[in-house]
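Values in this text are rule-based calculations from the coordinates and carry no lab data. Note that the coordinates shown come from a computational prediction; the quantities given were computed from them, not determined experimentally. Every residue, glycine as well, gets a Cβ built from its backbone with ideal geometry; the counts of neighbours run over all protein chains shown.
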Amino acid sequence: MRDEVDLGPPPDDGPGHGDGILDASPLGGEEAAEAGLRPRTLADFVGQSELKEHLAIILEAARRRGQAADHLLFAGPPGLGKTTLAGIVAAEIDVALHVTSGPALERAGDLAAILSQLAEGDVLFIDEIHRLSRAVEEVLYPAMEDFVVDIVLGKGPAARTIRIDVPRFTLVGATTRTGLITGPLRDRFGLVARLDFYEPEDLEAIVVRAAEILEVDIDTGGAREIARRARGTPRIANRLLRRVRDYADVRGSGTVDLAAAQAGLEVFAVDERGLDKTDRAVLDALCRRFGGGPVGLSTLAISVAEPTETVEDVHEPFLIREGLLMRTPRGRVATPAAWAHLGLTAPRSAPGDAEPPPGLFG
């Protein structure tokens, strides 16, 4: 890859995001640390084996034909490697990577200016592409299909449109909200791929690789323990590695072994199932205050003093994946596994059979 050009600030993930050790969104100032750990080639990228095979075929075909690769859309939760894959796409075909985001492209002219800067075959990466405005998206359509940009000069009856050719390029889009991508935009991508959460063995390999780069002395037990609690997310695994490294340097021998990983993660309030304090607070409120539910999302969020968006986007998905919480038409319900995890005895009635007892929000 020749160069990486940053064309705007990273997207704002909204209120409540990016403030916890197990939040998959990037924390403040974390971008530089992440950049140093990112793999640069498909061979070094761990996990997502099916997607890797698809990309290997697409990129090799583009190289052999001497053409820009098809446009690519990567979808999935934060922290799974969408930005990393955009960099790998550019590196594999040896072109420049231009980075921007949906919120940074406020006007159609912003996108037109970026497209005019591209060289033949370059990769344009738009993070949070579902947040593009309608006006910007309309400019993007002909650029993706015909590599032209239509610019309107003037207003009213005197307005006229001029068409400008742009170099053939590859657009890589990333989104955490696939449902917000419009049909016309989605249909213009040659490959739409969803990234899956990672298996523990893949995360263990990612932790070991990061430890080598960071020059951290780590053994198999330490790497495995960090991977086990990382919620299937490489960004979280790398973050936990850095925190356990800090613990090992300050209170241990400097080696991240099983004991250091367990003790360090306990200090940072990450339990054996990968839950943090807020996760446990949500379950505790659901079980103790509301008798296991059902209870509405907004009421549950107020009870733990967190924004509704944070509970819904950051904490609920993992609790549901772990089988600790269910969404029902009547509200959120704790599962028997949630009661057991908190060391509580579940009521005899099935979750959701009874109304929650009256209380502060009853």
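Residues in segment 257-287 that are part of a helix (DSSP H, G or I), closer than 15 Å to residue 304 by Cα and either in contact (Cβ under 8 Å) with a residue 40 or more places away in the chain or within 26 Å of the chain's Cα centre (by Cα) (or both): 277, 278, 279, 280, 281, 282, 283, 284, 286, 287. Taken over segment 127-139, the residue count meeting the criterion of being under 25 Å from the mean Cα position of the chain (by Cα), part of a helix (DSSP H, G or I) and of a type in the set (D, E, K, R) is 3. Out of the residues in segment 181-196 that are part of a loop (DSSP other than H, G, I, E, B) and in contact (Cβ under 8 Å) with a residue 12 or more places away in the chain, which is farthest from residue 71 (Cα to Cα)? Only one residue fits best here, namely 196.
For every residue, the table says whether it meets (1) surrounded by 20 or more Cβ atoms within 10 Å (Cβ to Cβ); (2) outside any loop (DSSP other than H, G, I, E, B); (3) not basic (Lys, Arg).
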position: 52; (1), (2), (3): no, yes, no
position: 56; (1), (2), (3): no, yes, yes
position: 63; (1), (2), (3): no, yes, no
position: 99; (1), (2), (3): yes, yes, yes
position: 106; (1), (2), (3): no, no, yes
position: 115; (1), (2), (3): yes, yes, yes
position: 125; (1), (2), (3): yes, yes, yes
position: 141; (1), (2), (3): no, yes, yes
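Of everything in segment 288-317 that is surrounded by 23 or more Cβ atoms within 10 Å (Cβ to Cβ) and assigned to a helix (DSSP H, G or I), the residue that is nearest to the chain's Cα centre (by Cα) is 314.
State whether the residues of segment 212-221 include one that is crowded, with 17+ Cβ neighbours inside 10 Å and over 20 Å from residue 75 (Cα atoms).
Let us first name the residues in segment 212-221 that are crowded, with 17+ Cβ neighbours inside 10 Å, namely 216, 218.
Going one step further and asking which of them are over 20 Å from residue 75 (Cα atoms), we end up with 216, 218.
There is at least one residue in segment 212-221 that is crowded, with 17+ Cβ neighbours inside 10 Å and over 20 Å from residue 75 (Cα atoms).
Taking every residue in segment 241-256 that is of a type in the set (S, T, N, Q) and pairing it with any residue that is assigned to a helix (DSSP H, G or I), at least 6 positions away or on another chain, the pairs with Cβ-Cβ distances below 9 Å are 253/260; 255/222; 255/248.
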